Amino acid sequence: MTSSLPLDRFLRYDELSHALAALTAQYPALVSVDSIGRSHEGRDIWLVTLTDTTAGPADEKPAMWVDANIHATEVTGGVAALALLDRLVTGFGLDAHVTRALQTRTFYVVPRLNPDGVEAALADQPRFLRSSTRPWPWNDGWQQPGLHAEDVDGDGRILTMRIADPDGQWKVRADEPRLMVRRGPADGPDDGPYYRLLDEGRIESFDGFTVPTPRSPQGLDLNRNYPAGWATNITGSGDHPGSEPEIDAVIRAIRARPNICGFNAYHTSGGVLLRPSSTKADAALPVVDVWAWTELGKRASELTKYPVHSVYEDFTWDKSTTMAGASDDWAYEHLGVYSWTTEFWDVQFAATGERAPTNWWYFGPTPEVELAVLQWYDARGNDAGGGRAAFVNWYTFDHPQLGTVELGGWNYVFAWSNAPLDLLRNEVTGHADFAVHQALAAPSLAIRLATAERVGDGVWQVRVGVANTGWLPTTVTAHAEREHLVLPLTVEVTLPQGAESTSGPTRVTLGQLGGGLTIRLRGEANDGTPDRALATWTVRGERGQAIVVEARHPRAGVARATVTLE
């Protein structure tokens, strides 16, 4: 059976909502959809819950959280989230790993965390925002003097304006006049002509000479609004941690689901899997957590072909200026789970077979890479998908303020930031299987021993042995254990009428259990039982009475058994 989810285009909000409703109707035993809150403009933020409900409710199983589209133009991530839904529902009953995952685990998926921003990016007359459409930092939406990007010629694209300027820092590439290259430090007047490049847009309060580049009136970055490391000096961080309705909704939804054991936020671009910390060196993190991330990352790279990087170690050029307030840091620091940010699509890799360097976000592509990407798109017929040209040849336009300029260049959002539509499915394939892999690594409870032994006249000793059958410990991370972020395992017996416990409370705590990782780190073939715990009660009752046993852990789920006094 195939799902009804389209994976070959970027969906507008209404189509996405209808697709999720159709998926629920098609797989009612596996899928439910709920709203966890509303966006700034009032759109529902949909949460899709997937689990085999015939094998137990969602909140009694360890869970994996995935969200996408926190940034407005990073729409490939939303397709990846739908591909995860598709993989789970179509693989159930056919693929052993997927089937076991849905029987024993839960998946929480938010395909579009920021519906307003994405809707603006996909509009017929697009607006390319970082994330939210809420006016900020000026609540009245005041546009400061300077350049504000918009589709000034009304052709449904936001390109680049090329303006002849003897002081410009760009010149036409000699062997490929469509492309521009930077002016060299020693280039003189005779080495031009030179140009100034600006985003296509309108200049507020133009003075006829200067073109400031202020923040957008919608200057929020929702991925800097999480509580971890939140600071006012982080661009777009908002009024306070969780000030934005989208982030408030997600934080509340996750905190209401303590069974979440793993986290991944889907973004673009770069073709990499990023992991915390964004603000600390690996040496400042628990060594066990770095080791476990490395082990999970090995499997991630096998499945996705994406390399794994620490944000701080590999992607932070200036270690004195770090990015904070991101969702993956919050998931690790405040929840204590292994978290990721997946950056989909590396156009340099598609064009050259070589991965983009980790300083690409600071310096952009080299002239050689840009030429290779242009030639790659030429071979594709200049097709970025959906009838969009990847590159637009320069053409003259009478700008209302600047006079005659040229418009053209890269259709950047759809040529560099997101995969062409015909490559979407292939680009995101494998990431769903990594989500399944991480979900199956989560701690999971099982009752391996449940007995009642008669020790006197009407007196029984009840013994309950609980095991963590998962690879991760019940705390998930060493950081969570160190910071006491997770409540302990409890085991409770429910006694029939007339029976009583003579040895103490019917509910006891048994601390935390290790997992396969714990045993692996012993480094020798002497496992012990760090993954097990035993609880005992002395019960007075009658032969034949049944006692219900329940083992419960906020992350590792719930296991039950029945013991008969006989």
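The values are calculated or read from the model by the stated rules, or taken from the named source; none is laboratory data. None of the values given here were measured: they were computed from a predicted structure. Methodologically, a virtual Cβ is constructed for each residue, glycine included, from the backbone with ideal geometry; neighbour enumeration extends over all protein chains shown.
Here are the numbers for the structure shown:
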quantity: Subset of region 63-74 that is within 20 Å of ARG134 (Cβ to Cβ) and β-branched (Val, Ile, Thr) - its residue that is surrounded by the fewest Cβ atoms within 10 Å (Cβ to Cβ); calculated: THR73
quantity: Qualifying position, being at pLDDT below 95 and within 19 Å of the chain's Cα centre (by Cα), among PHE315, PHE344; calculated: PHE315
quantity: Some residue of region 492-510 being over 13 Å from VAL464 (Cβ atoms), out of contact with any Gly (no Cβ under 9 Å at 6 or more places or on another chain) and part of a helix (DSSP H, G or I); calculated: no
quantity: Long-range neighbours under 7 Å by Cβ, at least six apart or interchain, first residue assigned by TED's automatic domain parsing to the domain that holds PRO185 and in a strand (DSSP E or B) within region 163-174, second of a type in the set (Ser, Thr, Tyr) and surrounded by 14 or more Cβ atoms within 10 Å (Cβ to Cβ); calculated: ILE163/TYR195; ALA164/TYR195; TRP170/TYR194; TRP170/TYR195; LYS171/TYR194; LYS171/TYR195
quantity: Residues that are among the acidic types (Asp, Glu), in contact (Cβ under 8 Å) with a residue 60 or more places away in the chain and touching a Lys or Arg at 6+ places or on another chain (Cβ under 8 Å), drawn from region 526-566; calculated: GLU566
quantity: Number of the condition not met by VAL48 [criteria: (1) buried (at least 19 other Cβ atoms within 10 Å of the Cβ); (2) farther than 25 Å from VAL476 by Cβ]; calculated: (2)
quantity: Of all residues making up region 343-390, the number that are of a type in the set (Gly, Ala, Ser), under 23 Å from TYR312 (Cβ atoms) and either outside the structural domain of VAL413 (by TED's automatic domain parsing) or touching a residue at least 12 places away in the same chain (Cβ under 8 Å) (or both); calculated: 1
quantity: Test result for LEU303, at pLDDT 95 or above, in contact with a helix residue (DSSP H, G or I) (Cβ under 6 Å, 6 or more places away or on another chain) and assigned to a helix (DSSP H, G or I); calculated: yes
quantity: Residue match in region 264-285 (condition: without any contact (Cβ under 8 Å) to a residue 24 or more places away in the chain and touching a Pro at 6+ places or on another chain (Cβ under 7 Å)); calculated: no
quantity: Residue check, ILE547 of a type outside the set (Phe, Trp, Tyr), crowded, with 17+ Cβ neighbours inside 10 Å, more than 27 Å from TRP65 (Cβ to Cβ) and at pLDDT 95 or above; calculated: yes
quantity: Test set (1) in a loop (DSSP other than H, G, I, E, B); (2) touching a residue at least 24 places away in the same chain (Cβ under 8 Å); (3) surrounded by 18 or more Cβ atoms within 10 Å (Cβ to Cβ) - PRO193 fails condition number; calculated: (3)
quantity: Selected residue (criterion: farthest from THR529 (Cα to Cα)) from residues of region 418-475 that are outside any loop (DSSP other than H, G, I, E, B) and free of Cβ contacts under 8 Å to residues at least 12 places away in the same chain; calculated: ASN426
quantity: Within region 208-233, tally of residues that are of a type in the set (Ser, Thr, Tyr) and crowded, with 17+ Cβ neighbours inside 10 Å; calculated: 2
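Okay, residues lined up against (1) part of a helix (DSSP H, G or I); (2) at pLDDT 95 or above; (3) not basic (Lys, Arg):
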{"residue": "HIS240", "(1), (2), (3)": "no, yes, yes"}
{"residue": "ASP248", "(1), (2), (3)": "yes, yes, yes"}
{"residue": "CYS261", "(1), (2), (3)": "no, yes, yes"}
{"residue": "TRP291", "(1), (2), (3)": "yes, yes, yes"}
{"residue": "ARG299", "(1), (2), (3)": "yes, yes, no"}
